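Step one of this worksheet: look at the structure below.
The values are calculated or read from the model by the stated rules, or taken from the named source; none is laboratory data. Just so it is clear, the model here is predicted, and its values are computed rather than measured. Here the Cβ positions follow ideal geometry from the backbone for every residue, glycine too, while neighbour counts run over all protein chains shown.
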């Protein structure tokens, strides 16, 4: 609420007319537990009317405590809008209006830094808050410029190789899919396409050829997992795009839990990403955005234009540092340092 007030004041100083709304954790949770599903699926006329007269929608991501999904009836879980990326009747109507009226949308992830969430992830709250704030205050224009350069390189590329001092030696192919630019500059084109952006920002991701990955990936960066100890030293071996072998120094049961969490392409490579934010550090939930980091995701990638199908687009991703990345033989990243020319 405090951050929302500060943002509203900043908007007002720019000549805008802010309109603030509040959705408390208690109201949000009790609605999911008690309200009829058909009621929750309807975007009210007054909400729709306000949205139709809005130019920019900035939302603070919550709730402040980790969500107890087990307590929410399974048939209602799809109605829980958190990221404004979900797919349900309410969200589909919201998305239709924002696209039709070109409403630019930005989510503030700094609000996820709370003592309760830090405790559940085994993170130091004050240090996490400091890192996330630094990521928000990084030069967003420079991040956007680098993202556009990386996107241009990827769009014309066919083959990628990744090597690290920690044991990664992976090759895969690209297949002409459009990269996702994770900057925080929300354009009119983003608005008309229904693209939601977030702060802190800083990545480019692309869905890869799902049957092409060959080699080994070692994630040297520890992976925090809610409700479990961190996964450290996770290593995956790929053959024809699938994970054929895996191991970890600690916490391997968390990765095994993901692999056995449902049906579909949970074990197939899905996407690759490159981090671009100089203010962020590894180990604080934003590893995919750390400058010079490389992320590999397996599982669902339909949201990125891929073909992997999993229930609820379930996927697993993790990052590595110190990587050298070659795109069609061109060195784009050398030992974690960007080389974009």
Selection within region 82-135 - under 17 Å from the mean Cα position of the chain (by Cα) and on the phi > 0 side of the Ramachandran plot:
84
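Would you please name the residue that is surrounded by the most Cβ atoms within 10 Å (Cβ to Cβ), looking only at residues in region 169-192 that are closer than 18 Å to residue 84 by Cα and over 18 Å from the mean Cα position of the chain (by Cα)?
Looking at residues that are closer than 18 Å to residue 84 by Cα and over 18 Å from the mean Cα position of the chain (by Cα), I get 191.
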Only residues that are surrounded by 11 or more Cβ atoms within 10 Å (Cβ to Cβ) and part of a helix (DSSP H, G or I): list them for region 10-26, please.
10, 11, 12, 25
Which residues, taken from region 292-308, are within 11 Å of residue 210 (Cα to Cα) and part of a loop (DSSP other than H, G, I, E, B)?
300, 301, 306, 307, 308
Going by what's in this entry, would residue 235 be described as assigned to a loop (DSSP other than H, G, I, E, B), in the same structural domain as residue 269 (by TED's automatic domain parsing) and modelled with pLDDT of 95 or more?
no
Within region 198-222, residues being under 25 Å from residue 325 (Cα atoms) and in contact with a helix residue (DSSP H, G or I) (Cβ under 8 Å, 6 or more places away or on another chain) number 9
Looking at the structure I just gave you, is residue 284 on the phi < 0 side of the Ramachandran plot, surrounded by 14 or more Cβ atoms within 10 Å (Cβ to Cβ), assigned by TED's automatic domain parsing to the domain that holds residue 320 and modelled with pLDDT of 95 or more?
no
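Restricting attention to region 200-208, does a residue exist that is surrounded by 16 or more Cβ atoms within 10 Å (Cβ to Cβ) and more than 25 Å from residue 132 (Cα to Cα)?
Scanning region 200-208, I find at least one residue that is surrounded by 16 or more Cβ atoms within 10 Å (Cβ to Cβ) and more than 25 Å from residue 132 (Cα to Cα), so the answer is yes.
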Could you list, in sequence order, all residues of region 252-269 that are within 22 Å of the chain's Cα centre (by Cα) and either within 10 Å of residue 231 (Cβ to Cβ) or not in a loop (DSSP other than H, G, I, E, B) (or both)?
254, 255, 256, 257, 258, 259, 264, 268, 269
Is it the case that some residue within region 116-124 is surrounded by fewer than 18 Cβ atoms within 10 Å (Cβ to Cβ), outside the structural domain of residue 249 (by TED's automatic domain parsing) and not in a helix (DSSP H, G or I)?
yes
In the set 228, 248, 211, 156, the lone residue that is more than 22 Å from the chain's Cα centre (by Cα) and modelled with pLDDT under 95 is 156
Condition check for residue 326: under 21 Å from residue 211 (Cβ atoms), in the same structural domain as residue 261 (by TED's automatic domain parsing), modelled with pLDDT of 95 or more and part of a loop (DSSP other than H, G, I, E, B):
no
Got at least one residue in region 31-43 being in contact with a strand residue (DSSP E or B) (Cβ under 7 Å, 6 or more places away or on another chain), at negative phi and touching a residue at least 12 places away in the same chain (Cβ under 8 Å)?
no
Exactly one of (1) at pLDDT 95 or above; (2) closer than 28 Å to residue 137 by Cβ; (3) outside any strand (DSSP E or B) is unmet by residue 274. Its number?
(3)
